[in-house]
Amino acid sequence: MPPASMAPVWVLAEPADGRPARVSYELIARGRALATALSAPLWAVLPGPSLPDEALQSLIAAGADGVLALEHEALAPFTVEPWAACLAAQVRERQPQILLAAATSTGRTVMPYLAVLLRTGLTADCTDLAIDPATGDLLQTRPAIGGHILATIRTPRHRPQMATVRPHATPLPVPDPHRQGTLERLRPGEDLLRSRVRHLEHIPSTESRALQDAEVVVGVGRGIRKADNLGLARALAESLDAALGASRDVVDRGWLDYPHQVGLSGKTVSPRLYVAVGLSGSVQHLAGMQTSETILAINNDPEAQILKVADLAIVGDLFEVLPVLTARLQQARRGRGGDGDHGGQGNQGGPAA
Amino acid sequence: MRLVVPIKQVPETTAVRMDETTGTMVRDGVDAIVNPLDLYAVEAALRLREAAPDGTIEVVALSMGPPRAEVALREVLAMGADRAVLLTDRAFAGADTWSTANVLAAAVRRLWPVDLILCGERATDGDTGQVGPGLAAFLGLPVLTYVSRLALQPPAQCRVERLVETGRERLEADLPAVVTVVKELAEPRLPTLRGKQRARRAEVAVWTAADLGLPAEDLGLKGSPTRVERIFRPRLGRTCERLTIRDSADLEAAADRVVAVLNARGLL
Ligand SMILES: Cc1cc2nc3c(=O)[nH]c(=O)nc-3n(C[C@H](O)[C@H](O)[C@H](O)COP(=O)(O)OP(=O)(O)OC[C@H]3O[C@@H](n4cnc5c(N)ncnc54)[C@H](O)[C@@H]3O)c2cc1C
Ligand SMILES: Nc1ncnc2c1ncn2[C@@H]1O[C@H](COP(=O)(O)O)[C@@H](O)[C@H]1O
């Protein structure tokens, strides 16, 4: 067993359409900072079908020192038992000190299952991860009670220290195509691949969880006045590649369906950018979006609550503001000539990915 | 067939206030409610029972918490659960999700044979969604998360639809299994007057650590791998830059400013 400080830091990569999903690179950005602070190697572990060298190499270019691909058809699509069994076997053998995963439907399912198999702690939805210089422990900070408080959590005696991180909460690392690292491919034994769950069908749609995983969300409030005016918000959303969210008042009035509702009784989102359009910022709505990285509010009431949590606010009539803003954003994007994503069709963000 | 629904009593978060000077939560006078997301799991279980021949399915509600969590169990009895078990013991206090799942798993084993365990997606206070999958791991059962549709498939299977980032998945699983359900599944019913009367008279079984036979070192705070080290208030008021619109020149300038800020933050 390597000395504790040199034990590797692992991130759990996920496959999507023949490449690592976009969240995998975000995790590498997080893991890189921790591994550097610990002077420990950073490995990406990727269960799923066999992927080409070039796809695995992209994880090294993003900052990993090694990639461990656990390759078997039985690992795709995701079911919990074989993923957890294969990962548990590798963790026991290689003893990473930290294991990070994305808080996706896959990460949120396999990580708590795995934590129990490994008899260790797991902290959900961390917004900040740091190494305690005194002990080398992972300090895991997360919002609780609907974002009313932040808690810093430590896993003092159990290893690995496990945490999930919200997707789209971390900027992508700049790839370095010259970075060197180790590629290791492993075919897990049949004994680890038993599953009592059978995948029958995948029905693609953008609406189910897309909102929660979008990088940018445009949230519409009652200020939009009627369903016919939603086109204005949709155009803004399109100019930002954003998913459309709504306040409860908008949903109650039937202007948008329930899957769009953000807040206490709707979805919790934590995008990199939340644009609140004609939305007052009730406590219940804030509970679902106040951990967004940047908040832009458009509201004609200078006293509106939403301005208290916003980084930037346009105080004016949304019917005047939106057309001008949308046109300017379209122009700015066109000027940049598309977005410099990691190439692949990262599957984690519906329209935003 | 036996269905178990683990439910949690939580503070009503809309009522949670922060003490501005101390930065702590004001819990006084805050009502405790059944975790709203657990009501969907209760509803799912009741619908499965109603779809089956009379008397063939029993729905058991289970909660770990302080003695007053009995109130939450009675609410679920009023909705129509057949019986309720409260897991309460000082030794359980301070449990994290690992330790909570461990205690719930021991209780489920005591209720065995159990065919299906239905959890909420997450509790609104801890907000982790980790207990359901953790419970499945302790019991050595498969888990299906984010379930938006659910049907039993006799003799010993279930079929579900689950919500994932890219759409919906249809899956079949062998029973026994654990599922965690989302709101899309079914709108929870309100208790009827008769249900409330029945719930008031019903007996809520109380099990302690001794009944579950778990080693003391695995319980509560002592058995929890994670430690809360510090609780603090998030940076509340972000410094908001205001762009006030009085005329069309303001509007043009504001649009430029937004583009500049978003660009600087790498958001375009
Ligand atoms: C138990 C409970 C749960 C709840 N859960 C949720 C939830 O999950 N999500 C949620 O959103 N709400 C929830 N609510 C409701 C919440 O309390 C508010 O009623 C709701 O969020 C308000 O929606 P709104 O901001 O769209 O509307 P309003 O509060 O009416 O705000 C409209 C805003 O638009 C601005 N405006 C109007 N016209 C214009 C214009 N021309 N240009 C620019 N700005 C304009 C106004 O100044 C105002 O600030 C819940 C309530 C309860 C009691
Ligand atoms: N103390 C508890 N007693 C019973 N069930 C619980 C308890 N804590 C969590 N659960 C169940 O686990 C689900 C997820 O909770 P959590 O992981 O705390 O977000 C809840 O929706 C409940 O179904």
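What follows draws every value from the coordinates through simple rules; no lab data is involved. Predicted model only: the values in this text are computed from it and were never measured. A quick note on method: Cβ atoms are made from the backbone with ideal geometry, for glycine too, and the neighbour counts reach across all protein chains shown.
For the range A:180-194, putting each phi into the Karplus relation 6.51 cos²θ - 1.76 cosθ + 1.60 with θ = phi - 60° gives couplings of 9, x, 9, 9, 10, 10, 9, 9, x, x, 4, 5, 8, 9, 4 Hz, in residue order, rounded to whole numbers and with x for Gly and Pro.
Ranked for footprinting exposure by Cβ neighbours inside 10 Å, fewest first, A:S265, A:S270, A:S24 give A:S265, A:S270, A:S24. For A:A35, neighbours were defined as the other residues whose beta-carbon sits under 14 Å from its Cβ, and their charges (Lys and Arg +1, Asp and Glu -1) total +2.
For chain A, the mean projected area of the C-alpha convex hull, equal to one quarter of the hull surface, is 18.8 nm².
How large is the charge dipole for chain B, taken about the Cα centre, if only the Cβ atoms of Lys, Arg (+1) and Asp, Glu (-1) carry charge, to the nearest 20 debye?
Details: 35 positive and 36 negative charges, 82 e Å.
Computed about the Cα centre, the dipole is about 400 debye.
Judged by the ratio a/c of the largest to the smallest principal axis of the C-alpha gyration tensor, the protein assembly as shown counts as oblate, that ratio being 1.5 or greater while a/b is no larger than b/c. Could you pull out the pairs from A:K308/B:K183; B:K8/B:K183; A:K267/B:K8 whose alpha carbons sit more than 25 Å apart here? As for pairs spanning more than 25 Å Cα to Cα, those are A:K308/B:K183.
Using only side-chain charges placed at the Cβ, +1 for Lys and Arg and -1 for Asp and Glu, the dipole size of the protein assembly as shown relative to its Cα centre rounds to 960 debye. Remark: B:K8, B:K196, A:K267 ranked as B:K196, A:K267, B:K8, counting other beta-carbon atoms within 10 Å and listing the fewest first.
Take each residue in A:293-303, count the other chain C-beta atoms within 10 Å of its C-beta, and the mean is 2. Which whole-angstrom value gives the distance between the alpha carbon centres of the range B:197-267 and the range A:166-244? Their Cα centres are 20 Å away from one another.
Checking the a/c ratio against 1.5 first, then a/b against b/c, what shape does the Cα gyration tensor give for the range A:68-182? Rounded shape, in that the Cα axes give a/c under 1.5. Counting beta carbons within 10 Å around each of A:S205, B:S248 and listing the fewest first gives the order B:S248, A:S205. The 3J(HN,Hα) values that the Karplus relation (6.51, -1.76, 1.60; θ = phi - 60°) gives for the range B:194-202 are, in residue order, 5, x, 5, 5, 4, 5, 5, 7, 5 Hz. Gly and Pro appear as x. Inter-chain neighbour count for B:247-257: the average number of beta-carbon atoms from partner chains within 10 Å of each residue's beta-carbon is 4.
Shape of the range B:2-218 from the C-alpha gyration tensor: rounded (a/c under 1.5, with a ≥ b ≥ c the square roots of its eigenvalues). So, counting K/R as plus one and D/E as minus one, what does the shell of residues with Cβ under 13 Å around A:L232 add up to? Spelling it out: positives minus negatives among the neighbours equals -1.
Considering only A:A55, A:L318, A:P156, and ranking their Cα positions along the charge dipole of the protein assembly as shown that arises from unit charges at the beta-carbon of Lys, Arg, Asp and Glu, the one farthest toward the positive end is A:P156. Along the axis of the charge dipole computed for the range B:59-216 (Cβ charges of +1 for Lys and Arg, -1 for Asp and Glu, origin at the Cα centre), the listed residues B:N102, B:L185, B:L139 are led at the positive end by B:L185. Take each complete run of DSSP H in chain A, measure how far its Cα atoms stretch along the helix's own axis, and keep only those covering 24 Å or more with mean Kyte-Doolittle hydropathy at least -1.0; list them. Going by DSSP H runs, the hits are A:22-38, A:318-336. May I ask for the angle, rounded to the nearest 10°, between helix B:36-51 and the longest principal axis of chain B, with both axes built from Cα atoms and the value confined to 0 to 90°? Its long axis makes an angle of about 40 degrees.
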